[in-house]
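The values are calculated or read from the model by the stated rules, or taken from the named source; none is laboratory data. Keep in mind that what you see is a predicted model, and the values were worked out from it rather than measured. Quick reminder, even Gly has a Cβ in these numbers, built from the backbone with ideal geometry, and neighbours come from all protein chains shown.
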Amino acid sequence: MCGITGFIDWQKKSSEDILVAMNTTLNHRGPDSGDVKLFSSVNFQVGFGHKRLAIIDITETGKQPMQFQHLWITYNGEIYNFSEIKDELIKLGHQFKGHSDTEMILHAYDQWGEKCIEKFIGMFAFVIFDQNKNSIFCVRDRAGVKPFYYYFKDGLFLFSSELKAFHEHPNFKKEINIDAVGAFMQYGNVPSSTCIFNNCHKLKPGHTLTISLSEISSFTQDQAQYWNVYDYYNKPKSKIPFDEAKVETEKILQSACEYRMVADVPVGVFLSGGYDSACVTALLQKDRTEKLKTYTIGVPDIGLNEAPYAKEVANYLGTDHTEIYCTEKEAIDLIPELSFYYDEPYADSSALPTTLVSKLARKEVTVALSADAGDEIFAGYNRYDYLLRYGKKMQQIPSFARISAASLMQLIPSNSIPVLKHKYNFHNRYEKLKNILRDPSSERIMLSLSQQFTDSQMNNLFNAEVKQIDSAYLSKELKKENYSPLSYMMAIDYQTYLVDDILQKVDRATMTVSLEGREPFLDHRVVEWAAQLPNEYKYFQGTKKHILKEIVHQYIPKEMMDRPKMGFAIPIANWMMNELRDYLESFINEKNIREQGIFKWEYVEKLKFDFYNGKKEYDVKLWYLLMFQTWYDRWMK
């Protein structure tokens, strides 16, 4: 895990000092070493920067930017099966100086060209400069684990693991994309491939971008897709018996987990006590004599405390377990730092505990496995349960009755409903239910459950017209003959919420403390297999993640695991009412909003007033506004 950055400048107005400044912004991603390489020709300049977190081949032979003959690379990530590919290359006559996966990539590209990425199992974002062809080849891994931003305007192409590097180039124009702001206010992140700035993009997962350096006019933002999750959701469902499917699923998961233990530095596992992390831990510990290092966090002050459950699982499996209990103040104190590390607006409050547990783990290990994507692949989210249980029933309710119910709910604050007002995430769900009642189609339910502001609310919030961006939320790639509400939601989530929320959160939270995060469930072989399993293997008679749970129960008693899903629930409503109220007021006030010119102060003022006076269901909306304002203050002033 590292940080990469660089540029192509057809105007030849860049310098090594600029490149060094861009690279320095990524120190937290790679504290072990850093270097730059500047190439100049008659027609262009190419700059490569790299900040290294040494994981594999921690000697000098693993340093970057790295050269092999006419090829140069700057690379972020890990190719877990690099040893097998390296052996294949040696048989073809290749010779290696070290044992890094970086060197293997260069040789693989030299041998097979762009097709080499089809062999890679891993997470990666890299750029290769071919000096013979005068071309640049950019690639991002299939699931989008590793970030890749790029910018093009006026003959300048910039790329980086994080946006903050762009600010160091004097010709980068940070003009806000108002449509991206609109997307952020609906989703809590800026969906791929859009970026918060004009002329700036995210390379889509499973895509490549090739650039000819011969002249500026040859540059194109067209991307080539080399992998697509819909290719597997659009295949006929397997007819394999459940018991055989369970055995094969475990084999694939076992392989994915073992690959992610390969490192020349200490490795640990994040253990929350839930099924996904318990699965990863159980599969890794079952055949090992040495104890895995596992880590969990509890913040009892705010009701976030899975630590006792995680400890029970750790004791049963026999891991070397560490737990830390943080105070509410420690979590709150992290909030001002978020806008620096998440240098694009980002509003998932679970970034706080994820960062805290990363800080804990980094004291002992350099690599930590997490269990992200278990929900998206094996149907674990409550919204899947909701759609399958109630979707058809709600569609059968007469429209006038549904609309009347939604109108009545609009008059009743969620905070005034006894008992339920104390339930996990009730206020947010209450707000979403109003939208679903108005249109209970699968597509609308998916959008309603994903969005915070409705289209009409967006019109009231923004001064200018905000257009809907082109994102995977609107995908129609699932063929009709393969359509089911469950497959539809999981495929959408895999390309949206997973990439732009979960993976961004884990990447930034771990990189904040120079920790490499690895996700076994994001091995592409897992989703390729699971997408073709019958839906009832994943969601069976009201049980979510059925096949995964059956695998876990082979190693951990069912009675130890069966409990309600907790999640990283942060009490942002209570904070904004109390501890964070002054902080909120310092950013969301009439002076700031009017000077900024993006939002209508009258609507923002009413939102605050309603929230302070009992409409607790507006907490996430207000939090999104707060996170945008803190980002704006950090990066636009």
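Values as computed for the structure displayed
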| quantity | calculated |
| --- | --- |
| Tally, over segment 595-613, of residues that are in a helix (DSSP H, G or I), aromatic (Phe, Trp, Tyr) and crowded, with 20+ Cβ neighbours inside 10 Å | 1 |
| Test for Ser272: is it in the same structural domain as Asn171 (by TED's automatic domain parsing), modelled with pLDDT under 95, within 22 Å of the chain's Cα centre (by Cα) and within 30 Å of Ser484 (Cβ to Cβ) | no |
| Where Gly273 falls short, out of the listed (1) more than 20 Å from Val313 (Cβ to Cβ); (2) in contact with an Asp or Glu (Cβ under 6 Å, 6 or more places away or on another chain); (3) not hydrophobic (A, V, I, L, M, F, W, C) | (1) |
| Residue in segment 2-23 that is closer than 28 Å to Leu369 by Cβ and in a loop (DSSP other than H, G, I, E, B) present | no |
| Test: residue in segment 70-89 that is at pLDDT below 90 and over 26 Å from the mean Cα position of the chain (by Cα) | no |
| Output for segment 493-518, where each listed residue is among the charged types (D, E, K, R), closer than 26 Å to Gln186 by Cα and either touching a strand residue (DSSP E or B) at 6+ places or on another chain (Cβ under 9 Å) or surrounded by fewer than 24 Cβ atoms within 10 Å (Cβ to Cβ) (or both) | Asp500, Asp501, Lys505, Asp507 |
| Top-ranked residue in segment 614-637 [being in a loop (DSSP other than H, G, I, E, B) and touching a residue at least 60 places away in the same chain (Cβ under 8 Å); ranked as farthest from Pro571 (Cα to Cα)] | Met636 |
| Of all residues making up segment 359-374, the number that are of a type outside the set (Gly, Ala, Ser), over 17 Å from the mean Cα position of the chain (by Cα) and crowded, with 24+ Cβ neighbours inside 10 Å | 1 |
| Considering residues of segment 449-492 that are touching a strand residue (DSSP E or B) at 6+ places or on another chain (Cβ under 9 Å) and polar (S, T, N, Q) only, the residue farthest from Glu376 (Cα to Cα) | Asn463 |
| Failed item in (1) within 14 Å of Pro345 (Cβ to Cβ); (2) crowded, with 23+ Cβ neighbours inside 10 Å, with Ile176 passing the rest | (2) |
| Residue list for segment 483-536, filter: part of a loop (DSSP other than H, G, I, E, B), closer than 25 Å to Lys392 by Cβ and touching a residue at least 60 places away in the same chain (Cβ under 8 Å) | Thr496, Ala531, Gln532, Leu533, Pro534 |
| Matching option when the condition is free of Cβ contacts under 8 Å to residues at least 60 places away in the same chain, among the aliphatic types (A, V, I, L, M), under 30 Å from Cys326 (Cβ atoms) and assigned to a helix (DSSP H, G or I), among Leu356, Leu433 | Leu356 |
| Qualifying position, being in a loop (DSSP other than H, G, I, E, B) and polar (S, T, N, Q), among Gln452, Gln395, Gln457 | Gln452 |
| Among (1) surrounded by fewer than 19 Cβ atoms within 10 Å (Cβ to Cβ); (2) under 18 Å from Ile324 (Cβ atoms) - the single one Thr296 does not satisfy | (1) |
| Test for Lys237: is it part of a loop (DSSP other than H, G, I, E, B), surrounded by 18 or more Cβ atoms within 10 Å (Cβ to Cβ) and among the basic types (Lys, Arg) | no |
| Qualifying position, being under 24 Å from Ser255 (Cβ atoms) and assigned by TED's automatic domain parsing to the domain that holds Thr25, among Lys164, Lys133, Lys119 | Lys119 |
| Long-range neighbours under 7 Å by Cβ, at least six apart or interchain, first residue buried (at least 21 other Cβ atoms within 10 Å of the Cβ) within segment 88-117, second hydroxyl-bearing (Ser, Thr, Tyr) and part of a loop (DSSP other than H, G, I, E, B) | Ile117/Tyr226 |
| Failed condition for Leu158, given (1) in contact with a Phe, Trp or Tyr (Cβ under 6 Å, 6 or more places away or on another chain); (2) hydrophobic (A, V, I, L, M, F, W, C); (3) in a strand (DSSP E or B); (4) surrounded by fewer than 24 Cβ atoms within 10 Å (Cβ to Cβ) | (4) |
| Scope segment 314-325; condition closer than 11 Å to Thr296 by Cα and either in contact (Cβ under 8 Å) with a residue 40 or more places away in the chain or hydrophobic (A, V, I, L, M, F, W, C) (or both); matching residues | Ala314, His321, Thr322, Ile324 |
